[in-house]
Structures are given as C-alpha cells and as structure tokens.
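Worksheet for the structure shown next.
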Amino acid sequence: MTSYRYMRLVLPVLLLLLASCTPKPQRFSQIAEEFVLNSLTFAPSLATAAGYHRHNGVPLDELLDEFSIVTANRQRAYYSRFSSGLKRDVNPEKLAPEDRADYDLVRQRIDFAKFELEVLTPWAHSPQLYAEVIGNALFTPYALEYAPRNKRFYDILKRMERIPSRVLQAKGNLTAAPKIWREVAIAETKGNIDLIAKLKAERPAEISKKFDSAADLATTALNDYIQFLTNDLEGKDYDWRLGKEKYTRKFQLHLGTTETPDQLLSAAEAELKKVREEMARLCGWNGQGDLNPIIKKRLDQIATRHSTPENYFNDARRDLAEATAFIEQKGLLKLPPNKNLTVIETPAFMRGIYVVGGFNPAPVLDPTLGAQYWLTPIPANWSKERIESKLREYNFYGLKLLTIHEAMPGHYVQFEYANRFEPRGRRLLRSVFASGAFAEGWAIYSTQMLLEQGYLNNDPDLKLTFLKQQLRMIANSILDIKLHTGQMTDDEAIRLMVDQTFQEQEEATAKLQRAKLSSVQLCEYFAGWRDHMRLRELYKQTKGAAFNLAEYHQRVLESGGLPTPAVAKLITGKDLK
C-alpha cells in the first residue's frame, strides 16, 4: 500500500514568522497549539493544507516555502528556545496522562526536526523537495475550497510570483544529488509546468494579465530548473543511502521507538517465512517441496481478473461504497458523520513517490472542506506490457484492498477521528504530527479486521491477495533497512519482491524507486501493524469478557494519532510489549 500525506514531506527551511518562541506556564494544550502553529509557519504550503491561513497578521496562503542557511539557523534557534522553555516551565511527571502523551510527542518532533536540520540537510541534496513544495503550494489552493475562487487564484498568483526566486535558491543550495532523485525531480517539475498551464487556462479574467505574466515567468524558471538538473548537476552524484549510523538515528526518531533496525529486520524475516507458508497451505501445499510454483500459479489466476485503465477509477469508487456499507451493516465502528471524501487523480508533481495512490486528509482546522483519496492513473503512453503488469498487481481484489487501506476504514476514517479531537491544541498536535506507524498500522490492521469479519463473504482469493500484500508490507521493511544500510543490491531487492513476495515487475520497479526516494517510512507498515495487533490483544486481556470490538476501535481512533505505545498506556494503563 502507499501512504497518507500531511506533514510527511521533509520539514523545509523557510521564513521564520514567529512572535513568541518559548512555552509559558499554561495548559499544555495551549503550549502544543503554539508549537504546531509556529511549526506550520515554516511551511506555508502545508499551513494552507492544514487550514491555517494567517499568522500574526501575515497571510500564509500568499507565501512560498523558503530554503536558505539563514532560515535553517533561525529554525534551529526556535527549537532550542522552545525546548529550553519546556524544560523550565513543564514538569512532565506532574502532567495528566493525555498531556504527558502530548508532551512526549512534542519532544519527539523537536528532536526529529533538529536531526533533519543538522544532519540530513535535505535542501542541499534533494531536488525533488523543491518540485514537491512548489507543486503543493499551487495545487492546494486550487483543490481546497477554503475561500472564494477568486481569492484562491490570487493566492496562487502570489505564490507563482515567488517561484523564480525559489528556483534560484534551489540552484544555489543543491551541491550534489543522486541520479534517481534528479530524474524524479525533473518528472515532477514537468508536472508543475503542466499544472501552471492548467491554472493559467482557468484563471479569473480580472487578474488575467498579472496571472499570465507570473505563470510565464514561473514556467521559464522551472524549465531553467530542469536544465540545471539535467546539465549542471550531472555527474555530481550523492549516495541516496543513509548509512547505518544515520539510518538508526532516523529510524528511532521517526518511529518513536527504542527498537533497532536489526530487531525489526529479524522480526520481518521471520514473519515473511510464516506468511509464505500460510499462503502455500491455502493453495493446497502439503508441506513438501518448493512453495513458489504453487502460490504463483494461484496468484496468476487471480491476477487475470482486473479492471481496465478506463474503468479503474469507477471501480475504486464502487469498492469504497461497498466497504462503507459492510462496516455499517456489521457495526464494526462508528463512521465519521462527514461525507467529505473524494476520489481524484494523484497530482502529477507527487507521482514520483505516490506511484499507486495515497491519502490527503481534510484540513485539521477546517475538516468540512474534505479529504482526498489519490489514485494514480495509468499513463496512456505506457506499453501494453506495463499496463497489464499494473492492472494485474491492482486486480479486482488488490484494488479493493488499496481502497480499504487508503480510505475506508483506513486513513480516511482515522484522520476524520483525529480532526474532531478536543481541545484544539491537542487536535492540532496529533493530526499535523500524527505517528506514521500508528496511521499505516491502523490502515493495515483495519483491512485485516474486515477480512476477519467476513468481508466479501470470506472469499479465499481475497484472503490470498491480502496475504500477498502482507508479504509486500513485510518486504518494505526488509528493503528499506537493507538498502539504506548497504546490505542489499538493486538486483537482490527486485528478486526479493518478485520471487519471494510475488510482486509484478512494474510494482517491484516502482517500489525500488520509492525506497531510494525515502528512508524509514517504508518501515511504518510492518512496525505499525505489529503494534496494532499487540494493542488489540492487550486491550482484550484488560477488558476480559467485557471486550467489544467497536468500542475498542473507537477508543483507539479517539487517541488522535499518537504513537501506538502511547495509546496503549492511555487506554489500558499498561505498557505495550
């Protein structure tokens, strides 16, 4: 499966707009709110997505994220001052349980942000960062109806006017980049140029002259960026691998765990063997001989039942309605009251990493505006072989499982619960800085839970397809850890995905690219799923005969996206082991 999008981009280095920088004695939810709102000013494009439009009188919707060493230093200073203020004004041992969970999350986010600023320095090596920030800055006001259309196009105009200076910043900042990152950045920048052309064609008449001028200058600058990436950065390579030391540090900060990558890797390799044997038994394996032929034969039969490029989106909408009806019929959890989910094409500037699809939550400060289930269309210029490979991977059952994961009752339901949380400061903190492992783990757990409850009449082909996707989830961690710590080659990665986890060649190739574009995020799925399974068992033991599945789901979702171990402490009073 893919991922939800929110503060999932690397926290960029931007213009500091802060009025106050240290916590003062007050309710911790107010401290959390101050921290989140100030953090959002670092990234105006993400502030718009969160529904935060003005900070101390400054219109964030008109600003474009800035990248410079000066602003990086200002950010570091902010986090240091805020951290010192926490130490001075807050005694975590005296906080109520909910506040203590929020305190720990703030500390984790500060440590992670400082690690990115001081160690990873993405602005110096990640050309796709600039392309994705620009794309989001333009697309969000276009797609999100937070103001009248004319006002939103004015915001787009003001952001477009800043693109040439941001391209100059990118050219000055980027010293070297991996070839794959340059290639993806070029493709995403071309997507931005197409987006600007679309915006230009739809702009209001009253600002047409200024808009067209800004659009032309922005397009020229982006074409210049493509030439820079193609020519000036050519040969200035950079290793996309983090290496063991940096990877271990990011792994623990990002996942909020004390577990080491080697420990998760060992668990993943053991689970891989277990799931493969379960699949083989479902296919009639007698315990003797090679598992692969018998599993692959059955999966090949299943893969022939699939959609077409023309019907792909309609089939996903059908699956969304089907899953919703099943949950309501079975009473598995109380669904959010809002009917604010749309299925749209993944924006072109985000298809480098969202090669299949993803989820974009509703703004936490204005959730009625709606959430988006992104589905990446199948390009018309692909060969028949590539199209068939993609459709075989996301076949009749695979597309249903993708829709459950991204939307119902996966990411969409989880974020809708998080967006209704009170008090406001707690809601902001747990939505904007939601634990990736909690979110991805919930999406996989909830998919498994639907199958346990008889979804699609216990169809054995659906079960086998789900187990295949469990193999992919497990392989995500193996790939990520081994690739980034230098224990696996590209050929070994492809063989793992194709031979051991039965992925189509198109899927395996796209996943290898994704593993090179990101780090640690692919571990969220397996780590998060393990935690959710352990959490349900712990809650069952705690409640005994009074355990109720729907009530359990509500308790978990009402935690608002905290790391799963923190959720365990809150709803059971026990540590997750």
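Please work out if Ala510 is out of contact with any strand residue (DSSP E or B) (no Cβ under 8 Å at 6 or more places or on another chain) and modelled with pLDDT under 95.
On the way: out of contact with any strand residue (DSSP E or B) (no Cβ under 8 Å at 6 or more places or on another chain): yes; modelled with pLDDT under 95: yes.
Yes; evaluated as a whole, the condition is true for this residue.
Name every residue in segment 437-468 that is among the charged types (D, E, K, R), over 13 Å from Ile404 (Cα atoms) and part of a helix (DSSP H, G or I), in order of residue number. Lay out the reasoning, then the answer.
Restricting attention to segment 437-468, the residues satisfying the condition of being among the charged types (D, E, K, R) are 440, 452, 459, 461, 463, 468.
Those left that are additionally over 13 Å from Ile404 (Cα atoms): 452, 459, 461, 463, 468.
Answer for segment 437-468, where residues must be among the charged types (D, E, K, R), over 13 Å from Ile404 (Cα atoms) and part of a helix (DSSP H, G or I): Glu452, Asp461, Lys463, Lys468.
Just the residues that are over 17 Å from Lys339 (Cβ atoms) and touching a strand residue (DSSP E or B) at 6+ places or on another chain (Cβ under 6 Å), please, taken from segment 355-379.
Taking segment 355-379 and keeping what is over 17 Å from Lys339 (Cβ atoms), we get 355-358, 364-365, 374-379.
Hits for segment 355-379 are Gly357, Gly358, Trp374, Leu375, Thr376, Pro377.
What is the number of the single condition among (1) surrounded by fewer than 22 Cβ atoms within 10 Å (Cβ to Cβ); (2) in contact (Cβ under 8 Å) with a residue 40 or more places away in the chain; (3) among the charged types (D, E, K, R); (4) in a helix (DSSP H, G or I) that Arg420 does not meet?
(4)
Checking the condition hydroxyl-bearing (Ser, Thr, Tyr) and within 21 Å of Glu440 (Cα to Cα), which residue from Thr465, Thr485, Thr489 passes?
Working: Thr485 fails: within 21 Å of Glu440 (Cα to Cα); Thr489 fails: within 21 Å of Glu440 (Cα to Cα).
Only one candidate qualifies: Thr465.
With (1) within 30 Å of Lys179 (Cα to Cα); (2) surrounded by 12 or more Cβ atoms within 10 Å (Cβ to Cβ) as the list, and Ile302 as the residue in question, which single condition is left unmet?
(1)
From Asp99, Asp104, which residue is out of contact with any Phe, Trp or Tyr (no Cβ under 9 Å at 6 or more places or on another chain), in contact (Cβ under 8 Å) with a residue 40 or more places away in the chain, surrounded by 17 or more Cβ atoms within 10 Å (Cβ to Cβ) and among the acidic types (Asp, Glu)?
Just one listed residue meets the conditions, Asp104.
Restricting the search to segment 279-295, which residues are exposed (fewer than 15 other Cβ atoms within 10 Å of the Cβ) and either in contact (Cβ under 8 Å) with a residue 12 or more places away in the chain or of a type in the set (S, T, N, Q) (or both)?
Initially, segment 279-295 is screened for residues exposed (fewer than 15 other Cβ atoms within 10 Å of the Cβ), giving 281, 284, 286-290, 292-293.
Residues satisfying the conditions are Asn286, Gln288, Asn292.
Restricting segment 191-205 to residues that are in contact with a helix residue (DSSP H, G or I) (Cβ under 7 Å, 6 or more places away or on another chain) and free of Cβ contacts under 8 Å to residues at least 60 places away in the same chain, which is farthest from Gln128 (Cα to Cα)? Can you show your working first?
Step one: filter segment 191-205 for residues in contact with a helix residue (DSSP H, G or I) (Cβ under 7 Å, 6 or more places away or on another chain), giving 191-196, 199-200, 203-204.
If we keep only those that are free of Cβ contacts under 8 Å to residues at least 60 places away in the same chain too, we end up with 193, 196, 200, 203-204.
Details: Ile193: 14, Ile196: 17, Lys200: 23, Arg203: 27, Pro204: 30 Å.
Here the answer is Pro204.
Please enumerate the residues belonging to segment 157-195 that are β-branched (Val, Ile, Thr) and in contact with an Asp or Glu (Cβ under 9 Å, 6 or more places away or on another chain). Can you show your working first?
In the first step, residues of segment 157-195 are kept if they are β-branched (Val, Ile, Thr); the result is 163, 167, 175, 180, 184, 186, 189, 193.
Val167 - this is the single residue of segment 157-195 that is β-branched (Val, Ile, Thr) and in contact with an Asp or Glu (Cβ under 9 Å, 6 or more places away or on another chain).
Output the number of the condition that Asn338 fails; it satisfies all remaining conditions of (1) in contact with a helix residue (DSSP H, G or I) (Cβ under 6 Å, 6 or more places away or on another chain); (2) outside any helix (DSSP H, G or I).
For Asn338, the failing item is (1).
Given the conditions (1) touching a residue at least 60 places away in the same chain (Cβ under 8 Å); (2) part of a loop (DSSP other than H, G, I, E, B), which single one is not true for Glu271?
(2)
Would you mind finding the one in Ala113, Ala96 that is small (Gly, Ala, Ser) and more than 22 Å from the chain's Cα centre (by Cα)? Walk me through how you get there before you give the answer.
Working: Ala113 fails: more than 22 Å from the chain's Cα centre (by Cα).
Unique residue meeting the criteria: Ala96.
Looking only at helices (runs of 4 or more DSSP H) that lie completely in segment 6-119, which have at least 1 residues being of a type in the set (A, V, I, L, M), closer than 30 Å to Tyr354 by Cβ and modelled with pLDDT of 95 or more?
Values: elements: 28-41, 44-50, 69-89, 97-115.
Result: 28-41, 44-50, 97-115.
Identify, by number, the condition in (1) small (Gly, Ala, Ser); (2) over 20 Å from Gln252 (Cα atoms); (3) touching a residue at least 12 places away in the same chain (Cβ under 8 Å) that Gly544 doesn't meet.
(3)
For residues that are of a type in the set (S, T, N, Q) and assigned to a helix (DSSP H, G or I), scanning just segment 141-188, find the one that is nearest to Trp240 (Cα to Cα). Spell out the reasoning first.
Within segment 141-188, the subset of a type in the set (S, T, N, Q) is 150, 165, 169, 173, 175.
Going one step further and asking which of them are assigned to a helix (DSSP H, G or I), we end up with 150, 165, 169, 173.
Values: Asn150: 42, Ser165: 27, Gln169: 22, Asn173: 17 Å.
Once the filter is applied, the top-ranked residue is Asn173.
With the requirement that a residue be surrounded by 16 or more Cβ atoms within 10 Å (Cβ to Cβ) and among the small types (Gly, Ala, Ser), what does segment 319-345 give you?
Of everything in segment 319-345, just one residue is surrounded by 16 or more Cβ atoms within 10 Å (Cβ to Cβ) and among the small types (Gly, Ala, Ser), namely Ala323.
The values are calculated or read from the model by the stated rules, or taken from the named source; none is laboratory data. Predicted, not measured: the structure shown is a model, and the values here were computed from it. Cβ sites come from the backbone with ideal geometry, for glycine too, and all protein chains shown count toward neighbours.
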